[in-house]
Amino acid sequence: MSAGHRIFRNIRALAAAKAATMASGLVTAAWTARVLGPDSFGVLGFGTSLMAYAALFVNMGLSTYAIREIARNREQDDHRERAAELSEHVLTLRTVLALVVGAIYAAFVLSLDKPMEVKAVLLVQAVQLLGNALVLDFVYQATERMGVIATREIGTSIGSMLLVFLLVRGPEDAITAAAITGGSITVNALVMIGRFRRDFGHLRPRVDLKVWREILTAATPMAVGVFAWAIFTHLDVVMLGFLAPHTEVGWYSAAVKIQTLANLVGNIVMNAFLPQLAAAYGELGPMRDRMRAYAGVMLAVGGLVIAGGFALAPSILGTLFGDAYAPATLALRLLMLASAVVYANMILGNPLLVWHRQTGYMVAMLSGGALNALLNIWWIPRYGIEGAAMATFTAELAATVAIAWIHRQTVGELYGGIAARALLCAGTAIAAALALDSFAAPLFDRLPALVHFIAGSVAMVAVYAAMAVLTGLVHLKRLRRLTSATA
């Protein structure tokens, strides 16, 4: 099977999983936001962002390192044995880190000047650390067996959704909602360990301080870069939790949920391409060819998603979370602009991690993260949730400019032509949505937000698809050739 067919097969498997995850995630987020209310939902969002930082110290860049090493050694005779051995080291090391980080996290939470009810939610969310430590997605991603990852993600998302429906009924159930998320991740990770033992053989704890030191030395720059990325993703919510009322945190958390789902589409494409990008390292021609394909797919899907989120922000918030979250509209639009930069960052930055350019990526992201922190301190007290969104956009842009320079030094290209076509398609689709709003505003005002969202989505997809073909952003012959790949 060709590289293009393998990439399409990866995208197909991950897209099926993400579609189920996205649908159940939207339903779960909408349900919890409505039954908990903005105040309790804000507490949950604050805890989720804190936990995201703690989880980074559990992973420490180990997944990215393992993907790189396993993907590059797939053609060797002892590939399965080496993949199993590296997986044992990674899981053991991450489990130790989870115990240490969990103890530090608990001490930090107990020291906060927050009500005991808030502390209880934050402490319960720490269950996620163990689940994250045991997840084996990296080995299946590196070996391009995305169906296994898809099965785990679908199980986690649907299981969480059903439990939330059954057990979360009001603001007093915030602790239960936190426990469901962490418990689902852990149970599914344990099930995946059973699958790994069937595919790769034994899986036992493995302690070798010399090997751990070598792994951590290579993975640490990746970890620092990912940590800096998390500053962009979660720092705004964390700082709002300290600087603003929980109700505003709830509004902003709703906007961030939508932004996360928008970025999730790009993550599907990125994870599908990374093994092939890693395998191409060292050969400039294949690196350029695969990067052009990667940039084309990322910008084609990203342009539509971001345009839709920007133009339809009010109806999306109204459909998912209700009228109580309408104050987040402007913040969501600003976050959609930030997502446009996120897509550029994923295109230009993430390949650097599998091309041994992690140090430059780390410096760029750390610099942007420091700027993000300063801007949040400055703008949140002045502009509230809109200030947090502006800080995220500005810092993302600064980091991506630096990463673009490193990427150009590596492969000599920045894909400006593809980006221009995607921008033209997105702008035309937004114009179509705004024209529809202007024409049908009296009708939309009398109907549920869902009707507005569906009508706007249909119009935007139709216009964007037509423009994508006309501008050459999407080539139908190439698409048909890829979709003819056998499963």
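The values are calculated or read from the model by the stated rules, or taken from the named source; none is laboratory data. No experiment lies behind these values; they were computed from the predicted model shown. Cβ sites come from the backbone with ideal geometry, for glycine too, and all protein chains shown count toward neighbours. Keep in mind that these areas ignore ligands, DNA and RNA; they rest on the heavy atoms of the full protein, side chains included. Shrake-Rupley method; radii C 1.70, N 1.55, O 1.52, S 1.80 Å.
Data for the structure
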read-out: Note, ³J(HN,Hα) from phi for the stretch 335-343, Karplus 6.51, -1.76, 1.60, rounded to Hz, x at Gly and Pro; value: 5, 5, 5, 5, 5, 4, 6, 4, 4
read-out: Environment charge at Asn372 (Cβ cut-off 13 Å; Lys +1, Arg +1, Asp -1, Glu -1); value: -2
read-out: Mean separation of Cα contacts under 8 Å (6+ apart) over length of the chain, as relative contact order %; value: 21 percent
read-out: Coordinate range along principal axes, alpha carbons of the chain, Å, largest first; value: 67, 58, 41
read-out: Under-30-angstrom lysine pairs by C-alpha in the chain, whenever the two are 8 or more apart or on separate chains; value: 4
read-out: Sequence-distant residues sharing a close amide H with Val474 (under 5 Å, placed H); value: Val469
read-out: Selection from Ser160, Gly266, Leu371 lying farthest towards where the dipole of the chain points positive, charges on Cβ; value: Gly266
read-out: Residue-wise HN-Hα coupling along the stretch 260-266, computed from phi with Karplus coefficients 6.51, -1.76, 1.60 (Hz; x: Gly, Pro); value: 4, 5, 5, 5, 4, 4, x
read-out: Carbon and sulfur %, accessible surface of the stretch 44-180 computed with the full protein complex present, 1.4 Å; value: 65 percent
read-out: Per principal axis, descending, Cα span of the stretch 319-385 in whole Å; value: 48, 30, 14
read-out: Relative contact order (%) - criterion: Cα under 8 Å, at least six apart; region: the stretch 150-267; value: 15 percent
read-out: Kirkwood Rh, angstrom, the stretch 61-131 [1 / mean 1/r, Cα pairs]; value: 14.5 Å
read-out: D_trans [Stokes-Einstein, Kirkwood Rh over alpha-carbon pairs] for the stretch 83-207, 25 °C, 0.890 mPa s, µm² s⁻¹; value: 154 µm²/s
read-out: Radius of gyration, Dmax [the stretch 336-441; alpha carbons; angstrom]; value: 16.8, 53
read-out: Rounded to whole Hz, the Karplus (6.51, -1.76, 1.60) HN-Hα couplings of the stretch 427-435, x for glycine and proline; value: x, 5, 5, 5, 4, 5, 5, 5, 5
read-out: 23 Å tail of the calculated P(r), the stretch 20-175, as % of Cα pairs; value: 49 percent
read-out: Hydrodynamic radius by Kirkwood, which averages 1/r over all alpha carbon pairs of the stretch 277-330, in angstrom; value: 13.8 Å
